[in-house]
Amino acid sequence: MESSDYDPPLAPGLLIAQSWQATVILGAVTLILGLIVSFHPGGSLNVVAVLLGIALICSGIFHLVRIFGRGEAHRVWLGISGLLLIVIGVVLIRHLDLTLALVGLYVGITWIVQGVTALIAGIAGAGGEGRGWWIAFGALSVIAGIVVTATPVTSVTVLAVLLGIWLVVIGFFEIIAGIMLRRAVSTAAHPVRPEGLSGTVV
């Protein structure tokens with residue numbers, strides 16, 4: 001008899017058993033995160049603003065470290081950009097309202113550009129399929145972008161609350177999906193035997 005090094009794949013039941021636990025844990029984490037963001041949007045946004053400032057400071061330090069590298073041909077520009085990034089990062093951390101306003105402005109301008117692009121695509125495609133959808137989407141995106149740009153801090157707070165609610169919904173459904181996977185594992189491990197049938201075959 002010849003020996004084989006072939007390792008058979010895991011049974012589907014074992015894969016499901018491993019996945020349902022991960023799904024429930026992920027759903028619980030998402031649900032908790034959504035509740036935190038929904039009830040404390042200002043604090044959550046402040047954390048994001050601080051992390052953004054720290055990221056800029058770290059990037060600035062990295063640029064400054066590169067100045068001392070051998071063969072570096074752009075020492076002056078790296079030094080200037082590194083110092084600017086550090087200063088901007090410190091300012092963003094010290095003035096969180098300014099950071100939130102910049103984030104809101106970025107979101108608003110992005111939506112305006114996206115809406116204008118959609119409007120142009122919808123108007124240019126005269127008689128094309130989905131033309132009305134593109135025009136409606138573009139108009140809504142432009143309006144939403146203008147509102148967010150006009151009141152960036154308040155708009156970002158509202159967006160944070162909506163994001164928190166969305167995370168709560170996603171987390172709830174992930175937990176339900178994990179429970180359903182667990183039931184599938186139990187059913188596969190203990191199948192219901194029809195009455196009148198014996199477990200042995202003659």
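The values are calculated or read from the model by the stated rules, or taken from the named source; none is laboratory data. Only a predicted model underlies this, so the values are computations on that prediction, with no experimental measurement involved. All Cβ positions, glycine included, derive from the backbone under ideal geometry; neighbour counts span all protein chains shown. With ligands, DNA and RNA removed, areas are computed over all heavy atoms of the protein, side chains included. Shrake-Rupley method; radii C 1.70, N 1.55, O 1.52, S 1.80 Å.
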Can you give the extra length, in nm with one decimal, that the chain gains between H95 and Q114 once fully stretched, where that is 0.36 nm per residue apart less the Cα-Cα distance? 3.9 nm
What's the extension gain from I123 to I32 if we count 0.36 nm per residue and subtract their Cα-Cα distance? 28.4 nm
Where the accessible area of segment 57-146 is counted over protein heavy atoms with a 1.4 Å probe, how much of it, in %, is carbon and sulfur? 76
Approximate spin-label separation I143-C58, in nm, with each point projected 7 Å along Cα-to-Cβ: 4.1
Taking every alpha carbon pair in segment 59-169, what does the distance histogram look like in 5 angstrom bins from 0, in percent? 2, 12, 12, 11, 11, 12, 11, 10, 8, 6, 3, 1, 0
Need the full-extension length gain, I176 to N46, defined as separation in residues times 0.36 nm minus the C-alpha distance. One decimal, nm. 43.6 nm
